[in-house]
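The structure appears right after this line, and notes come after that.
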Amino acid sequence: MTPQRRFRRRSPGTAVLVFSFLGGYCAGHAAAALRRARSVHRPARAFDGRRIVNSASDAILSIDEHAVILFANPAAAHMFASSVTAMQGSSLARFIQTPLRNARTPYDYFPAGSGRAGRRATDYAVTGIRGNGQLFPIEGSISTIEHDGHEVCTVILRDVSERHLVQQKLARSHDQLRQLSSALQTIREEERTHIARELHDDLGQLLASLRMDLTLLQGNNQLPEPSQRLIEGMESNLLMAIASLRRIATNLRPRALDEGGLYFALQGLRDEFVERHGIVCALLADEAELRLDDTASTAVFRIVQEALTNIARHAGATRVVLKLDRTDGELLLTIRDDGRGIRAEDMEKKESLGLVGMRERVWAMDGEITISIDAEAGTRIDIVLPLAGRIMGEETTG
């Protein structure tokens, strides 16, 4: 940003306009036109810089040191629904809003910290005012030349109303997709809970009843030896079926979440992970800090479950640390492993549905998630989840 200067209150002469036209935007176009003219052996003096400015598709304004418009091209008049004659000699405040109360110089309309537009580093996001009073978004860049002791600014403006409309539509679509994703997560958890309870209550009781009947048959010493061996094989298969049923039901919905809470559910998940994959896993948490409602408990459990699944499949790790702390109304969850470490391109793969699911669960709770390579080795996942109104026994205020 060019620093503001102390201006003298002298009106610039006519020559200032010509220099302002050739400064900034039109200088590049004029140079290109001159090069083309020389290539076809036409005299450079046949080209008039003002014609180039007047034919430009971008709005161009020349403004004096007191923010008075000295020149406006036809594109500027069309953008602001005005005329060149009406704009020339008018204050810039009639056509561009300023964030400052007492705007005196052109740079007051493009102050530092007002927010850059995303297209170029020299662009500023400002608000235009049409002739009928309608406000609309503009991207603008400003440059300065000095002539005869006066500073004249050249401002190039682009109407980005259509782009903003597209961005708003995309934002609305993004919000709707987030809401749909959250609703689908909720529906899936409800279905998992329902199926797990059906398996445990109905099929589980049926298998338990069959085992009791087999136990009674085994107590009958009058059965021939072949029948005894058959019953023993049936009991072995029945025990395997009961174990498989418990495993499936637990994967669908851990009973510990409903009966013991998040801490005990994470303990069971940790123990199963160690037993199945032979990877050391430490759980650093306090039971009292994990007394959360069902929604938060389920979300945290699924996040940890997905993280452990990814580690077992891809990390090649030998040790995992799960750390959960509650502070200032937030739950801080850190998952670290000593594996090969995740790459940036891995996180953007379409197949990385596990990471997508983790992010969606975190964002559904208005939390933040960071996935990075650990300073020592492996991958580190840091998650911050707000817990307002989600702590069991805590009364919500407001």
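Looking at the range 196-203, can you tell me whether even one residue there is small (Gly, Ala, Ser) and modelled with pLDDT of 80 or more?
First pass over the range 196-203, keeping only residues small (Gly, Ala, Ser): 196.
Going one step further and asking which of them are modelled with pLDDT of 80 or more, we end up with none.
Checked against the condition, which is being small (Gly, Ala, Ser) and modelled with pLDDT of 80 or more, the range 196-203 yields no hits at all.
One residue is enough: does the range 108-123 have a residue meeting the conditions assigned to a loop (DSSP other than H, G, I, E, B), modelled with pLDDT of 85 or more and not acidic (Asp, Glu)? Quick ask: steps written out before the conclusion?
Pass one, the range 108-123, residues assigned to a loop (DSSP other than H, G, I, E, B): 109-115, 117-123.
With the extra rule that they be modelled with pLDDT of 85 or more, the set shrinks to none.
Looking through the range 108-123, none of the residues is assigned to a loop (DSSP other than H, G, I, E, B), modelled with pLDDT of 85 or more and not acidic (Asp, Glu).
Is it the case, given these coordinates, that residue 92 is buried (at least 20 other Cβ atoms within 10 Å of the Cβ) and at pLDDT 80 or above? It would help to see each step written out before you state the result.
Working: buried (at least 20 other Cβ atoms within 10 Å of the Cβ): yes; at pLDDT 80 or above: yes.
Against the criterion (buried (at least 20 other Cβ atoms within 10 Å of the Cβ) and at pLDDT 80 or above), residue 92 qualifies.
Go through (1) surrounded by 14 or more Cβ atoms within 10 Å (Cβ to Cβ); (2) not in a helix (DSSP H, G or I) for residue 222 and report which single condition fails.
Every condition holds for residue 222 apart from (1).
Which residue out of 298, 334 is on the phi < 0 side of the Ramachandran plot and either more than 30 Å from the chain's Cα centre (by Cα) or open to solvent by 20 Å² or more (accessible area, probe 1.4 Å) (or both)?
Details: 298 fails: either more than 30 Å from the chain's Cα centre (by Cα) or open to solvent by 20 Å² or more (accessible area, probe 1.4 Å) (or both).
Being on the phi < 0 side of the Ramachandran plot and either more than 30 Å from the chain's Cα centre (by Cα) or open to solvent by 20 Å² or more (accessible area, probe 1.4 Å) (or both) holds for just one of 298, 334, which is 334.
Return yes when residue 268 is open to solvent by less than 50 Å² (accessible area, probe 1.4 Å) and free of Cβ contacts under 8 Å to residues at least 24 places away in the same chain and no when it is not. Steps first, answer last, please.
Numbers: open to solvent by less than 50 Å² (accessible area, probe 1.4 Å): yes; free of Cβ contacts under 8 Å to residues at least 24 places away in the same chain: yes.
Judged against the criteria, residue 268 is a match.
Any idea which of 256, 208 is part of a helix (DSSP H, G or I) and either surrounded by 15 or more Cβ atoms within 10 Å (Cβ to Cβ) or free of Cβ contacts under 8 Å to residues at least 24 places away in the same chain (or both)?
256
For residues in the range 129-157 being assigned to a strand (DSSP E or B) and open to solvent by 50 Å² or more (accessible area, probe 1.4 Å), which is farthest from residue 52 (Cα to Cα)? If you could, list the steps in order and put the result at the bottom.
Going through the range 129-157, the residues assigned to a strand (DSSP E or B) turn out to be 129, 135-147, 150-157.
Within this subset, residues satisfying the condition of being open to solvent by 50 Å² or more (accessible area, probe 1.4 Å) are 135, 146.
On the way: 135: 28, 146: 21 Å.
By that ranking, first place goes to 135.
State whether one or more residues within the range 279-295 are over 30 Å from residue 366 (Cα atoms) and surrounded by 16 or more Cβ atoms within 10 Å (Cβ to Cβ).
We begin by selecting, within the range 279-295, every residue over 30 Å from residue 366 (Cα atoms); these are 279-280.
Filter once more, so that each one left must be surrounded by 16 or more Cβ atoms within 10 Å (Cβ to Cβ): 279.
Yes; the residues of the range 279-295 include at least one that is over 30 Å from residue 366 (Cα atoms) and surrounded by 16 or more Cβ atoms within 10 Å (Cβ to Cβ).
Quick test for you: out of 174, 200, 194, 164, pick the one residue that is part of a helix (DSSP H, G or I) and in contact with a strand residue (DSSP E or B) (Cβ under 8 Å, 6 or more places away or on another chain).
On the way: 174 fails: in contact with a strand residue (DSSP E or B) (Cβ under 8 Å, 6 or more places away or on another chain); 200 fails: in contact with a strand residue (DSSP E or B) (Cβ under 8 Å, 6 or more places away or on another chain); 194 fails: in contact with a strand residue (DSSP E or B) (Cβ under 8 Å, 6 or more places away or on another chain).
Unique residue meeting the criteria: 164.
Where the second residue is of a type in the set (Phe, Trp, Tyr) and the first is closer than 12 Å to residue 266 by Cβ and lies in the range 289-313, which pairs have Cβ atoms under 7 Å and are six or more apart or on separate chains?
290/263; 308/273
Which one is surrounded by the most Cβ atoms within 10 Å (Cβ to Cβ), of the residues in the range 301-321 that are within 27 Å of the chain's Cα centre (by Cα) and polar (S, T, N, Q)?
Once the filter is applied, the top-ranked residue is 310.
The values are calculated or read from the model by the stated rules, or taken from the named source; none is laboratory data. Source: prediction; values computed, not measured. Every residue, glycine as well, gets a Cβ built from its backbone with ideal geometry; the counts of neighbours run over all protein chains shown. These accessible areas exclude ligands, DNA and RNA; they are computed on the full protein's heavy atoms, side chains included. Shrake-Rupley method; radii C 1.70, N 1.55, O 1.52, S 1.80 Å.
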